[in-house]
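Note sheet for the following structure.
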Amino acid sequence: MSKKSFLFFFLLIPFLIFSQDQEIDRARLKLIQTLVKEKSNDYFKLDSLLYNTNTNREFFTKTQNEQLIELSLRNDYLIGQICANNNIGRIYRKEADYKQSVKYHKEALKLAKETRQIEIEAFTLNLLGACHRRYDDVRNALNSHQAALTISKRNQNNTTRNTKNVSISINSIGNIYLALQQYNLALNEFEKSLQISKDLDNKIGVAINYENIGFAQENLLLFDDAIKNYKESLKVNEVLNSTRGKIICYNNLSSVYRKKGENKKSLEFIEKIYPIAIDYNNNYYLARTLGNYGSALLNNNVLDQAEVKLKEGLVLSEKYKFRKSEISCSKSLAKLYEQQKKYDLAYDYYKKGVEVEKNTFGQKNISYVNNLISKHDLQSKMSELHNIKSQSEIEALQFNRNRNILIITLITIALLSIALYSIYRQRLLNNDRKILLLEQQALQTQMNPHFIFNALNSIKLYIINNEQKQAVYYLNKFSKLIRNILDVSKIKEVSLKEELATMDLYMSIENIRFSNEINYQVDINPDMNTDTIKVPPLILQPFLENALWHGLSSKERDKKITLTAGKVSDTVVEVNIIDNGIGRNAAAKIKEGKSLKRKSVGIDLTKERLKTFSEDYDDEFSLTYHDLINEDGSPKGTKVSLRFPVA
């Protein structure tokens, strides 16, 4: 036997000893030995020999995984080192030692990058993100899962494993939305991940997504839908014989029946799973089970036992910083002591729960808004790339146009053919229209970044000042505005009703920066059907922006913008935008006095868009400015009248 082979066999002796203690069969050890010796690149084959993802069962202990690391180091085998580090991280996560778990997953990630195998790197990033998420480190969790999703989507090898990584990343981002109480956003992510899992026949993914969908529905008070999805998840977990999955499902069913007021059923479910949760040896799920058990006993008026279980759950939650369980146990104890008329204790526990909830919720929401800013920065870079591509297409079209001019001109001169000249003119017109359309798309992808950045920072101030209702209100309006802009960025026209709705969202966001001083009113002729009238998308925005920043920004108090719309004939609609600002002359003087002068192209491009839009109609558009004057000759505002044709 060679020296190297002897050393290899010597290092495997502890595995053989442990395999007898842990009932790890020799066939598995032999396969591991073969993979290490041959330096196999199949990470997931080795991982399946160390860990069962369906049952969440470790085949190797921490000690055995440490020995595998040593063996892999001696054989210069990166895959073995990554696999063992990730599995030690899993074990520490199960024990709720998240600091150690993160340490081992980060080491695995560093090694994974050296292999240049995207699937291993994305898999490790998702494990790291799950660990961060478990102890409410939302920022790092989101960074890890987004990084995993990004590299997986860029991976040109569309393998089953890569698709599974995408599904896990999407599901994990959905769980982050759950933690931020963004339940509708979470549902969208879980439904996408569920479909991918079904397509892959990934049963554990299907079970997890059904459970997550149920949890989101439970928090949206859709209790019957939640129960249906929890039971679907339980069916799959029973087929997989997943202890963890069954613990989660029984806890969720107990919780939702308790919220429905079916307290007996709630207690039956939690009593059935409680002994299994104790044997499972996972503090996270035990703390949650104790909290649900105590709450179910409380609702069934078994107060003494409820107190014991809730206190046990609280102690465990405080020790390992399980914030959700800590909040739940504290509030349930407050309710229990209130029933016992121990009001001092009830107040103390209620106060404790509220303080933990307030701190956790506030930090998470600030992280959420900061992440939106990060997403905006990324979107801006993507828009720049799209703009470069559009400019290249414009240049290509211009080149083709010039070439056609030369060819058709030569043919026209040679043959003096009016027919060929007409064809040339038609081609020239088509190319001009395509160029103009691309210029519009390029403009729309450059939605003023200062507006988006300042809007997000204004919303962030509401959160910092703990004005949560205002923050959620404006954040919803902001997300709707961005979605509307993205929806219309590639279409030629929208209904006047949709345009007015988008402008209402835009004015709501801009009004934040004016401390809500702007009185924005819309007056639409009731005889006019705005659903059937078509206009170019975002056509009114430049005029409202001018009214805000040139007419009203320098005025104190009593700031008002009125938008009116009505038909002046069967084929022409007039929209008026009236402000009570300082007037065009005063605004021009202020602009002249500024050291930095920028030429605005918004109105000019809007005119070009209206000109192109009107070519399909018999009537033309018109744009008129009216300076409004008081009786004493002083300016009292500006009126912009925009007329355009309709069908």
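Based on what the data block shows, is A296 open to solvent by less than 20 Å² (accessible area, probe 1.4 Å), without any contact (Cβ under 8 Å) to a residue 40 or more places away in the chain, assigned to a helix (DSSP H, G or I) and at negative phi? Break it down stepwise before answering.
On the way: open to solvent by less than 20 Å² (accessible area, probe 1.4 Å): yes; without any contact (Cβ under 8 Å) to a residue 40 or more places away in the chain: no; assigned to a helix (DSSP H, G or I): yes; at negative phi: yes.
No; evaluated as a whole, the condition is false for this residue.
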Can you find even one residue in the range 273-284 that is out of contact with any helix residue (DSSP H, G or I) (no Cβ under 8 Å at 6 or more places or on another chain) and in a helix (DSSP H, G or I)?
yes
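With the structure loaded, tell me whether R609 is more than 20 Å from N511 (Cβ to Cβ) and of a type in the set (K, R) or whether it fails that test. Break it down stepwise before answering.
Values: more than 20 Å from N511 (Cβ to Cβ): yes; of a type in the set (K, R): yes.
Considered against the rule, which asks whether it is more than 20 Å from N511 (Cβ to Cβ) and of a type in the set (K, R), R609 comes out as yes.
Any residue that is within 29 Å of A179 (Cβ to Cβ) and not polar (S, T, N, Q) - is there at least one of those in the range 59-72?
Residues of the range 59-72 that are within 29 Å of A179 (Cβ to Cβ), as a first pass: 62.
With the extra rule that they be not polar (S, T, N, Q), the set shrinks to 62.
Scanning the range 59-72 turns up at least one residue that is within 29 Å of A179 (Cβ to Cβ) and not polar (S, T, N, Q).
Before we move on, is Y343 of a type in the set (F, W, Y), under 30 Å from F453 (Cα atoms) and either at pLDDT below 90 or within 22 Å of the chain's Cα centre (by Cα) (or both)?
No: the conditions fail for Y343.
Can you pull out the residues in the range 601-647 that are small (G, A, S) and in contact (Cβ under 8 Å) with a residue 40 or more places away in the chain? Full working, then the answer.
Let us first name the residues in the range 601-647 that are small (G, A, S), namely 602, 614, 622, 633-634, 637, 641, 647.
Hits for the range 601-647 are G602, G637, S641, A647.
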How many residues does the range 60-80 contain that are in a loop (DSSP other than H, G, I, E, B) and more than 23 Å from Q117 (Cβ to Cβ)?
1
Scanning the range 160-187 residue by residue, those over 12 Å from the mean Cα position of the chain (by Cα) and of a type in the set (S, T, N, Q) turn out to be T160, N162, T163, N165, S167, Q181
Being open to solvent by less than 40 Å² (accessible area, probe 1.4 Å), among the hydrophobic types (A, V, I, L, M, F, W, C) and in contact (Cβ under 8 Å) with a residue 40 or more places away in the chain narrows it down to one residue among I213, I204, I196, I170; which is it?
I204
Mind checking whether some residue in the range 384-396 is modelled with pLDDT of 85 or more and within 30 Å of I176 (Cβ to Cβ)?
no
Qualifying positions in the range 465-510 - among the aliphatic types (A, V, I, L, M), farther than 27 Å from K560 by Cβ and modelled with pLDDT under 85
L486, V488, I491
The residue that is modelled with the highest pLDDT, considering only those in the range 618-647 that are of a type outside the set (A, V, I, L, M, F, W, C), open to solvent by 60 Å² or more (accessible area, probe 1.4 Å) and over 16 Å from N580 (Cβ atoms), is R643
Here is a check on your reading of the model: is Q182 of a type outside the set (A, V, I, L, M, F, W, C) and open to solvent by 50 Å² or more (accessible area, probe 1.4 Å)?
no
Test result for N54, at pLDDT below 85, open to solvent by 10 Å² or more (accessible area, probe 1.4 Å), within 37 Å of the chain's Cα centre (by Cα) and not aromatic (F, W, Y)
yes
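Out of curiosity, is T150 of a type in the set (V, I, T), at pLDDT below 90, farther than 23 Å from K231 by Cβ and over 19 Å from the mean Cα position of the chain (by Cα)? Walk me through how you get there before you give the answer.
On the way: of a type in the set (V, I, T): yes; at pLDDT below 90: yes; farther than 23 Å from K231 by Cβ: yes; over 19 Å from the mean Cα position of the chain (by Cα): no.
It is false that T150 is of a type in the set (V, I, T), at pLDDT below 90, farther than 23 Å from K231 by Cβ and over 19 Å from the mean Cα position of the chain (by Cα).
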Selection within the range 506-518 - within 29 Å of P645 (Cα to Cα) and either among the charged types (D, E, K, R) or open to solvent by 20 Å² or more (accessible area, probe 1.4 Å) (or both):
S508
For the range 59-84, pairs from a residue that is open to solvent by 10 Å² or more (accessible area, probe 1.4 Å) to a residue that is in a loop (DSSP other than H, G, I, E, B), with Cβ under 6 Å and 6 or more apart or across chains, are F59/I24
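Give D199, D225 a once-over and let me know the one that is within 30 Å of G261 (Cα to Cα) and either in a helix (DSSP H, G or I) or within 18 Å of the chain's Cα centre (by Cα) (or both). Walk me through it before giving the result.
On the way: D199 fails: within 30 Å of G261 (Cα to Cα).
Within the list D199, D225, the selection yields D225.
Sort out for me the helices (runs of 4 or more DSSP H) sitting completely within the range 535-647 that have 2 or more residues that are among the hydroxyl-bearing types (S, T, Y) and under 24 Å from K497 (Cβ atoms). Walk me through how you get there before you give the answer.
Working: elements: 541-546, 584-593, 602-614.
In the range 535-647, 602-614 are the helices (runs of 4 or more DSSP H) which contain 2 or more residues that are among the hydroxyl-bearing types (S, T, Y) and under 24 Å from K497 (Cβ atoms).
Being in a helix (DSSP H, G or I), among the hydroxyl-bearing types (S, T, Y), surrounded by fewer than 17 Cβ atoms within 10 Å (Cβ to Cβ) and touching a residue at least 12 places away in the same chain (Cβ under 8 Å) is the filter here, so list the residues in the range 108-162 that pass it.
Here is the first cut: in the range 108-162, the residues in a helix (DSSP H, G or I) are 108-115, 118-134, 138-154, 160-162.
Subset that is among the hydroxyl-bearing types (S, T, Y): 115, 124, 144, 150, 152, 160.
With the extra rule that they be surrounded by fewer than 17 Cβ atoms within 10 Å (Cβ to Cβ), the set shrinks to 115, 150, 160.
Listed by number, the residues that qualify are T115, T160.
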Considering only the range 536-571, how many residues are more than 23 Å from I590 (Cβ to Cβ) and surrounded by fewer than 17 Cβ atoms within 10 Å (Cβ to Cβ)?
7
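With surrounded by fewer than 16 Cβ atoms within 10 Å (Cβ to Cβ), of a type in the set (D, E, K, R) and within 33 Å of the chain's Cα centre (by Cα) as the only criterion, which of K324, K231 stands out? Can you show your working first?
Working: K324 fails: surrounded by fewer than 16 Cβ atoms within 10 Å (Cβ to Cβ).
Sole residue among the options that is surrounded by fewer than 16 Cβ atoms within 10 Å (Cβ to Cβ), of a type in the set (D, E, K, R) and within 33 Å of the chain's Cα centre (by Cα): K231.
The values are calculated or read from the model by the stated rules, or taken from the named source; none is laboratory data. Here the structure is a predicted model, which means the values were calculated and not measured. Counting neighbours? That spans all protein chains shown, and the Cβs are built from the backbone with ideal geometry, glycine included. Heads up: the accessible areas ignore ligands, DNA and RNA and are worked out on the full protein's heavy atoms, side chains in. Shrake-Rupley method; radii C 1.70, N 1.55, O 1.52, S 1.80 Å.
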